[in-house]
Amino acid sequence: MRVVNLTEDIKINGGNKYAYIHLWRMVDYPSPAWAFGNGPSGAPKYANGGVLSTSLLTLVLNYSLGEANVFLANTYPPDTNNDFLVQDANDGVTFTKTPGNPDGSTRFVFSNIRLAVKLAPGETCDPNNPPTFKGDSWSAQDDKGKNPACWQTGIEILPVQLENIAAVKKDNQIEISWTTASENNSREFVVEGSRDNVNWTAIGKLESKAVNGISTQPLNYTLVIGLPVTVAALGIAGLFLLTLVRSRWARALALVIIIVVAGACLKDGKSVDVEKGEVGYIRIAQYDKDSNIPAYSKVIKVVND
């Protein structure tokens, strides 16, 4: 199950009153042929091997009552065989609308769309290469969709795109930085470190900066990882204090307290305890909302400044 959000600009006017959005896996996208007013065959169908037979989802936006009363319908009148793929509020899908685009359209952001991805025989789920999706949207004057009036092809839903990843080591610290070109349903980024590019350990985390996990603009992230201040402060002074403690059990308890305080620096976006020279490689795991399956960035080598 993949949870995604979708942004689409739709013109709400006195003519067209219904908009339809269909999504496929990128590898299954059938590139439907569209033509204005081409009769009953114009609406895509599910039955008899129609183009919707390989689709994952249909959204039906009804604005026949005006922009103030737009709602998601739970049926697809052009072909009720497709109704089981229609998602609406009862399935948890929500949307916001923001009018005023320069072209007169209204921006709709649909959230919590759940896509049940069907794997081909022998295909496995690869967290390093999450599925991508592509779709079409179209509108019509009546709810049967007999005369498609306008359409938009090739809507793409891509995983978070990580760019400009860098990891620089200086003064016993590693500064990791990256940029997301866009984000969709993003929750957090977990930075993982490795000595051998084989065994990986989570060493830091940043929450997504994207509002509600969605951003169409580039976002910059920086995480500094190094010896925390508490280690420097307690490293010598703490060991000196241990020599003043006569009881063996009290000394053991004091040592545990020092270790706990030093280890407590594993905080979101702050320094964490990393042994000098232990981290030679970095990768970033990105997590979507409502998912614990990460999508990984490419592996980069830590550079000494």
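Bear in mind these aren't lab numbers, they're just calculated from the coordinates by the rules spelled out. Note that the coordinates shown come from a computational prediction; the quantities given were computed from them, not determined experimentally. Note that each Cβ is placed from the backbone with ideal geometry, even for glycine, and that neighbours are counted across all protein chains shown.
For the pair Glu163 and Ala89, what calculated FRET efficiency results from E = 1/(1 + (r/R0)^6), where r is the Cβ-Cβ distance and R0 = 25 Å, to the nearest 0.05? With R0 = 25 Å, the Cβ-Cβ based efficiency is 0.10. Between Ala120 and Gln141, the modelled label-to-label distance comes to 4.3 nm, taking each label 7 Å out from Cα in the direction of the beta carbon.
Can you tell me what the convex hull of the Cα atoms of segment 48-111 projects to on average, as an area in nm²? Convex hull of Cα atoms, orientation-averaged projection: 5.4 nm². Suppose R0 equals 35 Å; then what is the FRET efficiency for Asn74 and Gln173 from their Cβ-Cβ distance, rounded to the nearest 0.05? It comes out at approximately 0.05.
Assuming R0 = 45 Å, can you tell me the calculated FRET efficiency for the pair Asp9 and Thr201, based on Cβ-Cβ distance, to the nearest 0.05? After rounding to 0.05, the efficiency reads 0.55. Net length available on complete extension from Thr216 to Thr132 is 28.6 nm, with 0.36 nm assigned per residue and the Cα-Cα distance removed.
The label-point distance for Thr96 and Asn62, in a model that sets each label 7 Å from Cα toward Cβ, rounds to 2.5 nm.
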